[in-house]
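The structure under discussion appears below in the form of C-alpha cells.
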Amino acid sequence: LGGGGAAGELVIDGLAFPQSLRTAGATQQLMGGGTRYKYGAVKVYAVGVYLDSGGVATLKRSGKRGQALFDAVSGSRTAKTLLLRFHRSVGGKAVVDALRDALKGVSKPLVERFEVALKAVLGELVARGAQLYLTCKADSLYVSDAAAPGQTVGGKGLCLALFGVYLGKQPVSQAVKDGFEAGFAALAA
C-alpha cells in the first residue's frame, strides 16, 4: 500500500493521496489502493479508493470480508470515488480505451456517454502527476480532474461495472484490490 506522507496524506507507490476528500456532497475516506501496471512492469497510475463515512460504517457492521466486501462496495449506492494519479504521461485516448474495454455488462450507449465524458475531462494528453476523479453516487458518475469542470454520466450499471474493474473477481490491478482490503481491515480492527 504505502506509507505516510504529509499530514493528512497516504503515499501509494510514491504518490500522495489525501486521507479524505469531499465530493458528491459527502466526505469520503481513503480506504487504500495500489498501482495499475501495464505489461506487468510499467507503472501507469496509482488508484485510491474512497468511501463515504456512512458507507464505511455500514460495511464495518456487516462483517463482510473478501469478495463479498468488494461486491458490497461496488454495488453500494452511497458516494464513493476512485482517484487515479498518473505516474507517467499517457495519451488521453489510451486511458479512455483501457477503461472502456474493462467495463463489463454496460450498455453500448452508456459506455459511449462515459467515453465522451472522459475525453472532455482528459483531453489529448494526461500529464504525469495528473489526477482523475471517478465519483459514483447511486446511478450517477461524475468524472473530473483537479482543474477542469467535470462531466456527469447517469445510467444503471455504470458505477457497479467501474468499481468492478478494480474490486471485481478479475481486477485490472490486484494491488488496488489488495490495498483496499488491507486499508479496510485496518480500519475495521
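See the values below:
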| read-out | value |
| --- | --- |
| Residue selected from the range 25-44 under the condition closer than 25 Å to residue 69 by Cα and open to solvent by 40 Å² or more (accessible area, probe 1.4 Å), by the criterion modelled with the lowest pLDDT | 25 |
| Within the range 49-70, tally of residues that are outside any helix (DSSP H, G or I), over 16 Å from residue 24 (Cα atoms) and either under 19 Å from the mean Cα position of the chain (by Cα) or among the charged types (D, E, K, R) (or both) | 2 |
| Some residue of the range 126-136 being out of contact with any strand residue (DSSP E or B) (no Cβ under 9 Å at 6 or more places or on another chain) and either in contact (Cβ under 8 Å) with a residue 24 or more places away in the chain or not in a strand (DSSP E or B) (or both) | no |
| Where a residue in the range 141-162 is over 10 Å from residue 117 (Cβ atoms) and its partner, wherever it lies, is assigned to a strand (DSSP E or B) and of a type in the set (Phe, Trp, Tyr), with Cβ under 7 Å and at least six apart | 145/133 |
| Residue pairs meeting the criteria (Cβ under 7 Å; at least 6 apart or on separate chains; first under 13 Å from residue 134 (Cβ atoms) and at pLDDT 95 or above, in the range 165-176; second in a loop (DSSP other than H, G, I, E, B) and small (Gly, Ala, Ser)) | 166/173 |
| Residues of the range 89-125 satisfying the condition of being open to solvent by 90 Å² or more (accessible area, probe 1.4 Å), within 15 Å of residue 154 (Cβ to Cβ) and either hydrophobic (A, V, I, L, M, F, W, C) or assigned to a loop (DSSP other than H, G, I, E, B) (or both) | 116 |
| Verdict on residue 189 being more than 16 Å from the chain's Cα centre (by Cα), closer than 28 Å to residue 16 by Cβ and among the aliphatic types (A, V, I, L, M) | yes |
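The values are calculated or read from the model by the stated rules, or taken from the named source; none is laboratory data. Note that the coordinates shown come from a computational prediction; the quantities given were computed from them, not determined experimentally. Reconstructed Cβ throughout: ideal geometry from the backbone, glycine too, with neighbour counts over all protein chains shown. Quick note on the areas: whole protein, heavy atoms, side chains included, nothing else; ligands and nucleic acids left out. Shrake-Rupley method; radii C 1.70, N 1.55, O 1.52, S 1.80 Å.
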